[in-house]
1. Could you list the GluC sites (Glu not before Pro) in the stretch 295-404 that lie in coil according to DSSP, counting only those with at most 11 other Cβ atoms within 10 Å of their Cβ?
2. With the full set of protein chains in place, find how many percent of the accessible area of the chain is carbon and sulfur; take the probe as 1.4 Å.
3. Amide H to amide H under 5 Å from CYS172: which residues, 5+ apart in sequence or cross-chain, H placed 1.01 Å off N in plane?
4. So which aspartates and glutamates can LYS257 reach, going by Cα to Cα under 18 Å and dropping same-chain residues fewer than 8 places off?
5. Farthest toward the dipole's positive end in the chain, which of CYS272, GLN256, GLY54, given Cβ charges of +1 (Lys, Arg) and -1 (Asp, Glu) about the Cα centre?
6. How large is the charge dipole for the chain, taken about the Cα centre, if only the Cβ atoms of Lys, Arg (+1) and Asp, Glu (-1) carry charge, to the nearest 20 debye?
7. Once amide H atoms are built 1.01 Å from N in the peptide plane, which residues 5 or more positions from ILE23, or in another chain, come under 5 Å H to H?
8. Considering only ILE192, SER487, GLY534, whose Cα is most displaced toward the positive end of the charge dipole of the chain, charges sitting on Cβ of Lys, Arg (+1) and Asp, Glu (-1)?
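The values are calculated or read from the model by the stated rules, or taken from the named source; none is laboratory data. Bear in mind that the values here come from a model prediction, so they are computed numbers and not experimental data. Cβ placement follows ideal geometry from the backbone for every residue including glycine, while neighbour counts extend to all protein chains displayed. Areas reflect the complete protein model, heavy atoms only, side chains present, ligands, DNA and RNA absent. Shrake-Rupley method; radii C 1.70, N 1.55, O 1.52, S 1.80 Å.
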Amino acid sequence: MSSNLPINLDDLLHCRGVESQRIVFKASWESESCGYEILRTICAFANDHHHLNGGYIIIGVADQNNVAVLPPAGLSHQQLEEAQQWIRKNCNQLNPIYSPILALEKIEGRNVLVVWAPASDMRPHQAPDSANGALCYWIRENALTVDVESCTKNVKVQFEQTVRVPWDDLACMNARVEDISEAMARDFLSQIRSDLAKEPDTVKVYRRMRITNRINGQEVPRNMGLLFFSSDPLKWFPSAKIEVVLFATERVGEIQKVKKFSGGLADQLRDCLKFLENYTTRHSQKKDHHSLVRTWVSYPFAAIRESLVNAVYHRSYDIVQVEPTKVYIYPDKIEIVSYPGPLPGIEQNHLIPGAETVSLPVRNRRIGEYLKQLGLAEEHRAGLPGVFKAMLDNGSPPPVFEFDEQRTYFRVTLPAHPEFQEIVALRDVAHLRSLGAHDDAYHRIESAWSANQASTVLASEMIMAFAEHHELSRAEEVLRIFEVSGSEKSVPYIVNSLAEVLIASNGENEKRKALELLNSKRSVSHGQDAVDGGFLARRACDPELAHSYFLQAEESVFSDALALFEFAQTKIQLSAIDHGESDSDSSLQLLKEAKALLEKVIDREATPTRHAWTWLELARILDRLDAPKGDIEEAYGKAIAIQPKESHFVEELEKFRGKS
C-alpha cells in the first residue's frame, strides 16, 4: 500500500527537508492525556502562522531533545483504531471544520500514526483547549502550541495579517489540471523518496501533494503546482524565469553573454546553479618555505547557491510582477536581484552579520517547502548566515544585502575574492589592448586599482599605465600610496616597477630618480625582487649596485639562467672598471667568480642564443685568465657552432689567433 505522505518518512523522522518546529512526537496514545493537546496542535498547524505549510504529529515515537527515539515503541492495533476515530470525530469541533490526513506507517516493524496537518485554505481555525473549553485560535511559536490571545500585540497583528492563503497555494483559475505534468510530479516524489510515487491514481497523487484544489466539482491547479510541474510556467507567470547577464568588462553596455533559464522552478534553479558553478574557479598558492598550500575560490559556490535559492524562494510570482530573477556577473562581483523587496518587518539592520533573526511569515510557503525537500533551500531564516560564513571562510569581502525604501527589489552583492579581482582586471586589460582599446584598458586598470590600492599586482600595472600616458608623477604617487596601504614585503616589487618605467623614459633626471629608489632602504629585497633590482641597476649603468642586488638574491640567482649570466657580466664589468687593463688579485677573483657563473649557465636549460653568448663570454674570461690556448679556442668554437651566422664570433676568434 502506498503512503499518503508527500515526503520520505525517514527524512521526516530526522527533520531533513522540514523544520523541526513542524514536527511533534508523541510516544503513545491516550485520549485523556494527549487528545486535546494533539487537537490544539492540529489547529495550530492548519492556521500556519509562519507560512511553513503546517506540520506533522507522529504518534508512537518518543523524542529526546527534539530527536526521534528509535526504534519506536509503536502503537498496538487497538491504539491505532482509537487514535484515528478520536481525531476524526473531534476535528469536527474545529471552527471551521478541518480534517487532517492520517497515515498509518511502519517504522522498523512498529506501527505508528502520522497526522499530517497542512495549511488550511479556510483559516483561521479555532479549537477547544479541553473537552468543555472555549474555542481559541492556536498557533505554533517555535516548538510550542500557544493561544493567540496569550501572545504579544505584534504576534496578534501578524496573525491577523497572515490568515489569508498565500499566493503560491491559491488556485489558478485560467489553467487546467492537464497543464500539470504527471511525469514531473512523480519524478519529484521519486527524488524525495516518497512512497506516494507508487500511488497509481493520478488524482489522489495530486491531492496528496496539494498541487490541485477541488472547486465547483472539478480539480484546478494551484499556482505552485504549475510553477514546479508544468513545462512552461511562463504561460501564467511572466516572471517565472532566471536571467543571467555576463558583462565582459566595465565598459558601459558591453554584454558578453545573456543566458535564460525557464521550465519548472526547481529545474531552472538547478540548471542556473550548474551554469554559475563555472564562476567558482579554484586557485591555489604555495607559500614560500611552507608545506601548506593556500586555496581560495573566485566566488564560494555555497554563497551563490544560498543567494540564488533565497531569491527564487522569497520573490513574488504574481501576474503583475513581470521582472525575472536576475543574476549580473561583473568583472569584480556577482549581483542577484529579485522582485519585489522583503516583506514589511525585515529591515536593513537585520541583514548584517550576527543580526538578530526576525520571526516573520514567508511569502511562499509551498515553494519553500518543496525546495527544502529537494535539499536546495535551508530551513526558515537559516540561509543568510550561511552566505556570510561562506564568504568569510574564503577570505572574500562580506556580502551586501540591500533594498529600496519602496521595497520594489532585493539585491545581493557578492564581491569577488580580492586576488580574483586582480586576475580579472589584468585579463580585461590584456583583452582591451589586443582590440586596440588602449584608453579603455587604461580606465579599467585605474578603476580596479582605485578599488584595491593594497594590491601589489594592480599597483604595478597602474605604474606602467601611467608611464604609457607620460604621467610619471602619478606613477611615483602610486608608490607613496602603496607604502601606506600595501604590504611592506611587497614594497621592493613596486619600487622595481617604478624604477623600470623611469629608466625606460631615457631621461637623465628620471634615471637619477631610479637609482635613488634602488639605493634607498625601502628597496632592500630578497629573492626575485633582488634579481629584478640587479637587472635594473645594470640598465641604469651602476654595476656596483647591481652586484649588491645579485648578492641579496642568493639562491634565486642560481635558479635562473638569465640571472646567472647578468651576474657574471656584472662581475666582468666590475673587474674592468676597478682595475683597467691590469688584472689585480681582486680583479682576477671577480673573473674567476664570473667564470664559475657562466659554467653554471651552460649547465642550465636556456635558449641557443643565451648559450652561444655564454660560451663567447667564457672564451673572453679564459683569455684574461691566461688559460691554455686550446681551451679558449674550444669556447669560441662552441659559440660559433651554436650561432654560425654570428660573423663577429668568427672575427673575434681570428683576432685571438692572430694575437697569440
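1. Values: sites: GLU306, GLU335, GLU347, GLU356, GLU369, GLU378, GLU379, GLU402; in loops: GLU347, GLU356, GLU378, GLU379.
When the GluC sites (Glu not before Pro) of the stretch 295-404 are filtered for loop state and at most 11 Cβ neighbours within 10 Å, GLU347, GLU356 remain.
2. On the way: 15470 of 31070 Å².
For the chain, the apolar C and S fraction of the accessible surface comes to 50 percent.
3. Correct list: ARG222, ASN223.
4. GLU243, ASP271, GLU277, ASP332, GLU335, ASP428
5. Of the listed residues, the answer is GLY54.
6. Values: 74 positive and 93 negative charges, 445 e Å.
The dipole of the chain has a size of about 2140 debye.
7. Sorted by chain and number, the residues that satisfy this are TYR56.
8. Result: ILE192, furthest along the dipole toward the positive end.
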